[in-house]
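Asks: Got a structure for you, written out below as structure tokens; questions coming shortly.
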Amino acid sequence: MSIKFRVAAAGVAALSLAAPLALAGGAQGAKPATTQPSVSTKLLNCGGGTNTSGAGAAFLSYCVSSEGNVASFRAGVAGESINVGTPVEGYALCYTGGPVAYDIMSSAANWGPPSGTAAAGISRTTLDGKFKLTQVFAKDASGGVRITITLRNNSALVQTGIKFSRVVDFDANNTTTNQAVGGPDSVTALGGTPALGVTLKNLSFPLVHAAGIETFGGVFATPTCAPVAPLASPQAGTDLGARIDYTIGNLNPGISKVIKVLYTRA
């Protein structure tokens, strides 16, 4: 199994924000189970592309890493809601007979190198060559960023027991102390005064899926395709994450499944 802990390379594309974003370069440090620093410990990787538009309530700014993570997100008048503390955002793929292939920015395993851009599509293949993942990031009419994820069976055999997850450590409105409410299709996190924030929402209703609130330690843990430390809704006054887990089942050779998720202002 290939595991890596990543530091973004210098010289990646800069993100244009309405207000300065405090960043500190350097390697990822050890992370406590339930708390995190108030300033990012990761150099912002916007190698996949950025999008900034609008003003006031219509403002939107997001940054996508080279590997297909939403590394930064701001919408409306809320502050930064992902790139605070030690950022966690990404995806995990599970399937029968294979290791978990994941990338949550702070760590990654079992994916090959990425290619492409956020707007045209960022593609990766699992190290065993069985799956190709392509993610396209686009501004949504809701004022957020829509991610269209295409998972293709790249092998000559039927692949079974396939599950896919999107996970995030929410630090809504530039604070690690959040409120959160979740339902079967979405999780919303709010922070600061006034309470503002972000929603992670499923857009693929034909697929079997479940959204939920997680502890910070749960989303930072080595990913699986199921909740690690789930919390009941609502939650308040702590550092919280969110996830949406999809059950895909089987894929025949050459067949793809499309999943759509949305980050939008709360």
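Asks: At what distance in nm do the modelled label points of Ser142 and Val77 sit from each other, each positioned 7 Å from its Cα along Cα→Cβ?
Replies: 2.2
Asks: Students sometimes get this wrong: rank Glu214, Glu67 by accessible area, probe 1.4 Å, all chains present, largest first.
Replies: Details: Glu214 0, Glu67 20 Å².
Final ranking, largest accessible area leading: Glu67, Glu214.
Asks: Taking a 1.4 Å probe, which of Leu196, Leu93 shows the most accessible area, and what order do the others take after it? Each step should come with its number before you reach the end.
Replies: Numbers: Leu196 45, Leu93 0 Å².
Most to least solvent-accessible, the answer reads Leu196, Leu93.
Asks: Where Lys and Arg each count +1 and Asp and Glu each count -1, what net charge lies around Leu151 among other residues with Cβ under 10 Å from its Cβ?
Replies: Numbers: positive: Lys132, Arg152, Lys257; negative: none.
That sum, taken over residues with Cβ under 10 Å, equals +3.
Asks: In whole Å, largest first, what are the principal axis extents of the Cα atoms in the stretch 38-194?
Replies: Principal extents (largest minus smallest coordinate, Cα): 53, 31, 28 Å.
Asks: Using the alpha-carbon centroid of each, what span in Å lies between the stretch 200-266 and the stretch 121-153?
Replies: Their Cα centres are 15 Å away from one another.
Asks: If you don't mind, another one. Tally up the carbon and sulfur contribution to the accessible surface of the stretch 177-266 as a whole percent, 1.4 Å probe, everything protein left in place. Present the calculation step by step, with values, prior to reporting the outcome.
Replies: Values: 2220 of 3750 Å².
Answer for the stretch 177-266 is 59 percent, counting heavy atoms of protein chains only.
Asks: Give me the accessible area of Thr160, 1.4 Å probe, in Å² rounded to the nearest 10.
Replies: Taking all protein chains as shown, Thr160 has close to 50 Å².
Asks: Once the convex hull of the C-alpha atoms of the stretch 115-197 is built, how many Å³ does it hold per residue, rounded to a whole number?
Replies: Numbers: hull volume 12.5 nm³, N = 83.
Convex hull volume per residue, Cα atoms: 151 Å³.
Asks: Follow-up question, since we're still on this one. In angstroms, what radius of gyration and Dmax does the stretch 175-266 have, counting Cα atoms only?
Replies: My reading of the Cα-based Rg and Dmax gives 14.4, 51 Å.
Asks: Give me the extension gain from Asp128 to Leu262: residue separation times 0.36 nm, minus the current Cα-Cα distance, reported in nm with one decimal.
Replies: On the way: separation 134, 0.36 × 134 = 48.24 nm, distance 2.91 nm.
Here the answer is 45.3 nm.
The values are calculated or read from the model by the stated rules, or taken from the named source; none is laboratory data. Predicted model, so just to flag it, every value in this text is computed and none were measured. Virtual Cβ from ideal backbone geometry, glycine too; neighbours counted across all protein chains shown. What goes into the accessible areas is simple: the full protein's heavy atoms, side chains included, and nothing from ligands, DNA or RNA. Shrake-Rupley method; radii C 1.70, N 1.55, O 1.52, S 1.80 Å.
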